[in-house]
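Read through the structure below, which is laid out as structure tokens, and then see the notes.
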Amino acid sequence: MNKPNLTVEKKPIMFRVDRTKRETPDHVTLFFNGTIQFRPGQFVMVWMPGVDEKPYTISYHGPKTFGITVEAKGRFSRKAAAMKPGDLLGIRGPFGNGFDTGTGERVCVVAGGCGTAPVAPLIDMLGKDITLIQGARSRDLLLFKERYPSLNGHYCTDDGTFGHKGFVTELLEQAISTNTFDMVYACGPEIMMKRVFDICEKQKIPCQVSLERYMRCGFGACGACVCGAERVCIDGPVFNSEKLRQMENFNQKALLKSGAEVPLSTYASWRCGENISTTN
Amino acid sequence: MQVNFLGKNLISPTVLASGILGNNFDILQRVHASGCGLVTMKSIGPTPRDGHNNPTVIDLGHGMINAVGLPSPGYLHMEKEWADLNNRDFPIVASIYGASVDEFQQVADYVSDKKPDFIELNISCPNSEKHGMLFGTSPTASFDVVNAVKKVVKTTPLIAKLTPQALDIGEIAKACEDGGADAICAINTLGPGMLIDIESRTPILDFKKGGLSGPMIRPVAVRCVYDIFKATRLPIIGLGGITTGADAIEMIMAGATLAGVGSAVTYRGISVFKKITREMDQWLKDHGCTLEDIRGAAH
């Protein structure tokens, strides 16, 4: 009988913040000295001792350094955004499947708001003929706007202060009308990803999106993050078109901390730091 | 490998442990489709409860430590689950918890109307201040909970889930049998234990302490099942660290009828149920015997 390998301890590994970078008024990147083996789209559980532990994707990855980018909106992320060099954080992971990158030459990456952070290492890795479509509420909130000067970038803002005034989905439809894509990657608000998926289905273009749910273990044991029969932490967080077609709860339902299944809008309000009881 | 358990035919002697995956009906169905004979819902409480903040679960490689803390929507807020349960084509255990005999009775009364195949009484969770383990370490309290619940559920078979922290787990099992339990499930997590991060000088789990599970606790589980088999005539779901078919066979030899699986989902994936069943089947074939032949064989 096969004996599974039971030697890999996955306690948080402690890192001190090496430096911080204010990316936008809402976003701060924390850099750490060290390396982490990961695939773009995988995530780590970030532990702030005595506070909480939350999933984040790696947003920067160099030979001797890596970074996570936080959007200051809740109790944890506001504390994280205020961290100083020398402060301690624990990192557990990486977890999840990550993006499938063996998917053809011509790709389009669609990023909304802080959904730009998970796709940044994907763009770094693909480094080829990429069309980037990025949206934010306003010009100064466009994350990593200066990071990819050589990319074919299309931008939009809700208020029209930069690029197209409107949605990334409108830019995607435009881009599809003049380009051929082998794959569309998307990360952002779930309603945005659902619209991207719908457009891709209509145009018969495969896509991959990265979902977010409240997580506990991160490795597929506790079931806190289930979306239907899929565990977002280990079967995802990246789901392809084939999976998305089967996922009735995509853009519909999510579980609160108590395990209660609620409409995604209720879940989103709770996650955005609204002081509502998660058990109602 | 068909097995009969309290009159129900199961497709495998494997059981999904409570607290692993069982957050909604879809995932329970997936676990069943992965070869699990009997699936257990996450413990259901009397009122909505968030459980603890993260970190709640840490994988130590040779097992896990967790203090998830009994999150539950509360039995009154699970309409979708109860509706889904009606359309199932596989057996299911509803695990319940309470902070008092009255609460256990109240939850059990409601849940039994939803017709799960079995109700498991979680009188053994170490991760909450008021629930669980306080009952499971006292023979009289265990008797009282089981007895009170038995009066309200009438026909739904009751499984008492026990804690290895009991001084004499055989005595607790006997008390549960006297109270009207139909089966015993053992063991819940061991401990509680604690991990301290030495850089931040902080306990890693937010609740500070948590229950141990997985391969590192298997010898304790085997001993508990051995003791329970000696003390009662009830069928036993033996669990605690079972990862392979050999582990499951060992548990059957200690006296278990079924082999529960929890943490092993982490080490071998959801298909662990199929794998363990196949490995058990192979072992039995190789040794020319049946599960009945080896049940309690170590006694």
Checklist entry - B:Met194: net charge of surrounding residues, Cβ under 10 Å, Lys/Arg +1, Asp/Glu -1, itself excluded? => result +2
Item to check | Shape call, chain A: gyration tensor on alpha carbons, a/c limit 1.5 | outcome: rounded
Item to check | Positive-end extreme of charge dipole, the protein assembly as shown - chosen from B:Met194, B:Gly240, A:Thr20 (charges on Cβ) | outcome: A:Thr20
Item to check | Förster-model FRET efficiency, 41 Å R0, A:Gln252 and B:His299, C-beta, rounded to 0.05 | outcome: 0.20
Checklist outcome for this item: Neighbours of B:Leu16 by Cβ distance under 11 Å: Lys/Arg at +1, Asp/Glu at -1, summed charge +2
Checklist outcome for this item: Binned at 20 Å from zero, the C-alpha pair distances of the protein assembly as shown give percents of 21, 50, 25, 4
Checklist outcome for this item: Restricting to Cα pairs under 8 Å and 6 or more apart, the percent relative contact order of region A:5-95 works out to 39 percent
Item to check | Flagged links, alpha-carbon separation over 28 Å, of A:Lys204/A:Lys253; A:Lys21/A:Lys64; A:Lys202/B:Lys42 | outcome: A:Lys202/B:Lys42
Checklist entry - In whole percent, what relative contact order does region A:100-231 give with Cα contacts below 8 Å and a gap of six or more residues? => result 24 percent
Checklist entry - So in chain B, what percent of DSSP beta bridges are antiparallel if you round to the nearest 5? => result 40 percent
Checklist entry - Just B:Gly22, B:Gly240, B:Gly269 to compare: in a GNM of chain B, with alpha carbon springs under 10 Å, which one fluctuates most? => result B:Gly269
Checklist entry - Given labels modelled 7 Å from the Cα in the Cβ direction, how far is it in nm from B:Glu199 to A:Lys202? => result 4.9 nm
Next on the checklist: Please report the antiparallel percentage of DSSP beta bridges with both residues in the protein assembly as shown, rounded to the nearest 5.
Outcome noted: 55 percent
Checklist entry - Across peptide A:214-220, how many C-beta atoms of other chains are within 10 Å of each residue C-beta, on average? => result 6
Checklist entry - What do you get for Rg/Rh of region A:99-210 when both radii come from the Cα atoms and Rh is the Kirkwood radius? => result 0.92
Next on the checklist: Among B:Gly214, B:Ile249, B:Val111, whose Cα projects farthest towards the positive end of the dipole of the protein assembly as shown, with charges put on the beta-carbon of Lys, Arg (+1) and Asp, Glu (-1)?
Outcome noted: B:Gly214
Item to check | Spin-label proximity, A:Arg245 to region A:177-198 - amide N less than 19 Å from point 7 Å beyond Cα toward beta carbon | outcome: A:181-186, A:194-198
Item to check | Qualifying trypsin sites (Lys or Arg not before Pro) for region A:172-266 [loop in DSSP, other Cβ within 10 Å: at most 12] | outcome: A:Lys204
Checklist entry - About its Cα centre, what dipole magnitude does region B:235-292 give when the only charges are +1 on Lys and Arg Cβ and -1 on Asp and Glu Cβ, stated in debye to the nearest 20? => result 240 debye
Checklist entry - Isolated Cys in chain A by the 4.7 Å beta carbon test? => result A:Cys108, A:Cys114, A:Cys156, A:Cys187, A:Cys225, A:Cys227, A:Cys233, A:Cys272
Checklist entry - How large is the dipole of chain A about the Cα centre if only Lys and Arg carry +1 and Asp and Glu carry -1, each at its Cβ, rounded to the nearest 20 debye? => result 800 debye
Item to check | Prolate/oblate/rounded call for region B:3-294, Cα gyration tensor, a/c under 1.5 rounded | outcome: rounded
Checklist outcome for this item: Among GluC sites (Glu not before Pro) in region A:21-126, those in a DSSP loop whose Cβ has at most 16 other Cβ atoms within 10 Å are A:Glu105
Item to check | Among B:30-43, B:92-105, the order from most to least packed when residues are scored by Cβ within 10 Å on average | outcome: B:30-43, B:92-105
Checklist entry - Where in region B:181-220 are there trypsin sites (Lys or Arg not before Pro) that are in a DSSP coil and have at most 11 other Cβ atoms within 10 angstrom of their Cβ? => result B:Arg201
Checklist entry - Measuring from centroid to centroid over Cα atoms, what is the spacing of region B:184-233 and region B:67-122 in Å? => result 24 Å
Next on the checklist: Nearest 500 deg cm²/dmol is fine: what mean residue ellipticity at 222 nm does chain B get from its DSSP H runs of n ≥ 4 alone, each adding -39,500 (n - 2.57), divided by its residue count?
Outcome noted: -10500 deg cm²/dmol
Item to check | Magnitude of the charge dipole, the protein assembly as shown, Cβ model with Lys/Arg +1 and Asp/Glu -1, debye to 20 | outcome: 800 debye
Next on the checklist: Per-residue Cβ counts within 10 Å, from other chains only, averaged over B:200-207: what number is that?
Outcome noted: 4
Next on the checklist: Counting only helical runs of four or more DSSP H residues, what would the 222 nm mean residue ellipticity of chain A come to if each run contributes -39,500 (n - 2.57) and the total is spread over all its residues?
Outcome noted: -6000 deg cm²/dmol
Next on the checklist: Shape verdict for region A:5-95, please, from the Cα gyration tensor: rounded (a/c under 1.5), prolate (a/b greater than b/c) or oblate.
Outcome noted: prolate
Item to check | Average partner coverage of B:26-36, which counts Cβ from other chains inside 10 Å | outcome: 3
Checklist entry - Looking only at region A:246-274, which residues have a backbone nitrogen under 18 Å from a spot 7 Å from the Cα of B:Asp113 in the C-beta direction? => result none
Next on the checklist: I'd like to know which of B:Gly51, B:His62, B:Trp82 lies farthest towards the positive end of the charge dipole of region B:36-145, counting +1 on Cβ of Lys and Arg and -1 on Cβ of Asp and Glu.
Outcome noted: B:His62
Checklist entry - If the chain between A:Glu105 and A:Arg139 were fully stretched, how many nm would it gain, using 0.36 nm times the residue separation less the Cα-Cα distance? => result 9.2 nm
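Read-outs: derived from the displayed coordinates by stated rules, not from any lab. Just so it is clear, the model here is predicted, and its values are computed rather than measured. Cβ atoms come from the backbone with ideal geometry, glycine included; neighbour counts cover every protein chain shown.
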